[in-house]
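The values are calculated or read from the model by the stated rules, or taken from the named source; none is laboratory data. On a predicted model such as this, the values are computed, not experimentally measured, just so you know. Positions of Cβ are backbone-derived with ideal geometry, glycine not excepted, and every protein chain shown enters the neighbour counts. Accessible surface is based on the protein model in full, side chains and every heavy atom, while ligands, DNA and RNA are left aside. Shrake-Rupley method; radii C 1.70, N 1.55, O 1.52, S 1.80 Å.
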Amino acid sequence: MNLRAIGIIAGKEVRSYFGSPMAYIVMAVFLAFSGFFFASSMSQPFPEATVRGFLFPGALALLLLAPVLTMRLLAEEQKMGTLELLLTAPVRDSEIVLGKFLASFIMVAVTLALTLYFPFLLFLFGGDPDLVPILTGYLVLLLVGAMAVSVGIFGSALTSNQIVAAVLSTGLLMVLWLANLTSNLAGGSEIAWKTAVDYLAISGHMQDLAFGILNTTDLVYFVTVIAFFLFVTIRVLETRRWR
Amino acid sequence: MIEAINLTKYYGDFPAIENVSFSAEKGEVVGFLGPNGSGKTTTMRILTGYMPPTAGTATVAGYDVVTNSLDARRHIGYLPETVPLYLDMTVRSYLEFQGSLRGMASKKMQGGIDKVIELCRLEDYYTTDIAKLSKGFRQRVGIAQALLHDPDVLILDEPTLGIDPRQVVETRQIIKGLGGGHTVILSSHILAEVSMVCDRVLIIHEGHIVAMDRPEDLARRLEGVSRVVVEVRGPLREVEATLRQIKGVERVSRVGPEDRVRFQVECASTRDLRPVIAQTVTGKGWGLIEMQAGGLSLEDIFLRLTEETEAAKGGRKP
């Protein structure tokens, strides 16, 4: 694994993000969305000094917006024929995928960093908020963002059409987000099914982190899903060589 | 520098190329000539490591393109058929990106960029967005990119496709200037282009190499006066009959306007028939108005070569 190659590809993509209006639009929409939910959680009769109010809406916004960030990454390369040059450059497929993943993850991180004034306001006016839930809250958003981005890149590898890529990955992410709803469809006897779909659902793995509890199960879940989609994306690139 | 042995590639059940073997020495310019879909791009994609062959092996600069792909790729500059450009980048940032992908240090890269910018005459467009460049200039940026890291091997897929005639000439000059320092493989479906630029020509037809020769020899072999158009002032039937009787003539067919005695004479060998025809016609006391050696079109060449190979295989007709 050549870190330099990953960095070069990531750097190119990050520059390209900031050179197009897309990244700014995504950031603005996310800020408005999460800001609204943070503000509304602060204007309840007995507001808590936490960022919990925007965690779940924020995660949902990430799931919807990340595919917009990632849809271009590989679909455009396929459409323009640049993928052929990239795949014949002295870099590995995995380095290409990781570079692109890193670039869009950086965009997610930057977007989230722009919301850091929420906790700042809490410290300024809220009177002694708990630091740990705030940290784990941001950690969970980063994890959800990374996951959304990995699924997004997977969708982008499947097609040369950006819209198709975005729709595919949003669909996949929505299934993962709402997977636990299907557990109600199963009869009471099918415990295994219920456990499985509950485990698959994103929201179930946010709960503990939102309250400041760092759980290995949750971390393993996110890391596994991210690694799985990156791996499958690399495989998809490789199938082009064998077709 | 390049060694391909029995390369075979199947897309599903369809054989794109079968048992393609060739080699290229250092500094040689080798042209792949063939119609669309003959397997030129497939062969190039195998050499560049884009996809592996179904069977056979190939080495570039001593590295196997499958088992040692990354090392092989370091020695290759590649221009795919669709020029691979990022439209949102400037010429400069594009070249910098390609250079760094190939592991060039920034100092060496600046020198390399200056060199290819000059060679491809892109000085005025250094900071222009690629989206704003015309097709010919985009092609040049593509060539510049392939040359940037000063690779031992250059693989150019249809480098003059779809650009205007003047730019075609310029592009050919650039490529011609590359021989010696680089081993160049280029593909084309234009016979004249390949014979002008290349030291050696490989003719590919339906996934097979049907001929491999120096352009001069190939021309002698193929373009020799095998087809002569002759116009005579004389009695139509008699002229036709006389032409048929000339030794070596295979076919005589009437061409051109009705009121003229004009024939196309074809012979199987590459022997130049013109002196004999001239002698016979003037010997009969007819006037020889015009005689013209008709070159073969690319289609004719393929037909002829494939017939040759079929014949070599034991007279089996396709």
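Hey, can you tell me all the residues within segment B:176-204 that are more than 11 Å from the chain's Cα centre (by Cα) and at pLDDT below 85? Selection gives B:LYS176, B:GLY177, B:LEU178, B:GLY179, B:GLY180, B:GLY181. For segment A:15-25, state whether one or more residues are within 12 Å of chain B (Cβ to nearest Cβ), over 16 Å from A:MET71 (Cβ atoms), in a helix (DSSP H, G or I) and open to solvent by 20 Å² or more (accessible area, probe 1.4 Å). Looking for residues that are within 12 Å of chain B (Cβ to nearest Cβ), over 16 Å from A:MET71 (Cβ atoms), in a helix (DSSP H, G or I) and open to solvent by 20 Å² or more (accessible area, probe 1.4 Å), one finds at least one in segment A:15-25, hence yes. Screening A:VAL51 against (1) more than 18 Å from the chain's Cα centre (by Cα); (2) open to solvent by less than 10 Å² (accessible area, probe 1.4 Å); (3) within 14 Å of chain B (Cβ to nearest Cβ); (4) not acidic (Asp, Glu) leaves a single unmet condition, (3). The residue of segment A:201-216 that is nearest to the chain's Cα centre (by Cα), among those that are farther than 10 Å from A:PRO133 by Cβ and open to solvent by 80 Å² or more (accessible area, probe 1.4 Å), is A:GLN207.
Quick check on this structure: which one of B:ARG172, B:ARG227 is among the basic types (Lys, Arg) and over 26 Å from B:THR41 (Cα atoms)? Lay out the reasoning, then the answer.
On the way: B:ARG172 fails: over 26 Å from B:THR41 (Cα atoms).
Being among the basic types (Lys, Arg) and over 26 Å from B:THR41 (Cα atoms) holds for just one of B:ARG172, B:ARG227, which is B:ARG227.
For segment A:98-129, residues that are of a type in the set (D, E, K, R) and surrounded by 18 or more Cβ atoms within 10 Å (Cβ to Cβ) total 1. Which residue is nearest to B:LEU148 (Cα to Cα), if the candidates are limited to segment A:66-97 and must be buried (at least 24 other Cβ atoms within 10 Å of the Cβ) and away from chain B (no Cβ under 14 Å)? So the residue we want is A:VAL97.
Of the residues in segment A:78-100, at least one is of a type in the set (D, E, K, R), within 30 Å of B:SER100 (Cβ to Cβ) and within 18 Å of the chain's Cα centre (by Cα). Residues considered: A:VAL140, A:VAL149, A:VAL175, A:VAL132. Of these, the only one that is surrounded by 22 or more Cβ atoms within 10 Å (Cβ to Cβ) and either at pLDDT below 95 or part of a loop (DSSP other than H, G, I, E, B) (or both) is A:VAL140. Would you confirm whether any residue within segment B:242-259 is at pLDDT 80 or above, closer than 30 Å to B:GLY27 by Cα, in contact with a Phe, Trp or Tyr (Cβ under 7 Å, 6 or more places away or on another chain) and surrounded by fewer than 17 Cβ atoms within 10 Å (Cβ to Cβ)? No, the conditions are met nowhere in segment B:242-259. Sort out which residues of segment B:112-139 are within 20 Å of B:GLY162 (Cα to Cα), open to solvent by less than 80 Å² (accessible area, probe 1.4 Å) and assigned to a loop (DSSP other than H, G, I, E, B), and write them in order of number. Hits for segment B:112-139 are B:CYS120, B:LEU122, B:LEU133, B:SER134. Looking only at residues in segment A:1-14 that are open to solvent by 20 Å² or more (accessible area, probe 1.4 Å) and either more than 14 Å from every other protein chain (Cβ to nearest Cβ) or assigned to a helix (DSSP H, G or I) (or both), the one that is nearest to A:ALA109 (Cα to Cα) is A:VAL14. B:SER21 meets each of the listed conditions (1) modelled with pLDDT under 90; (2) more than 14 Å from B:GLU158 (Cα to Cα) apart from (1).
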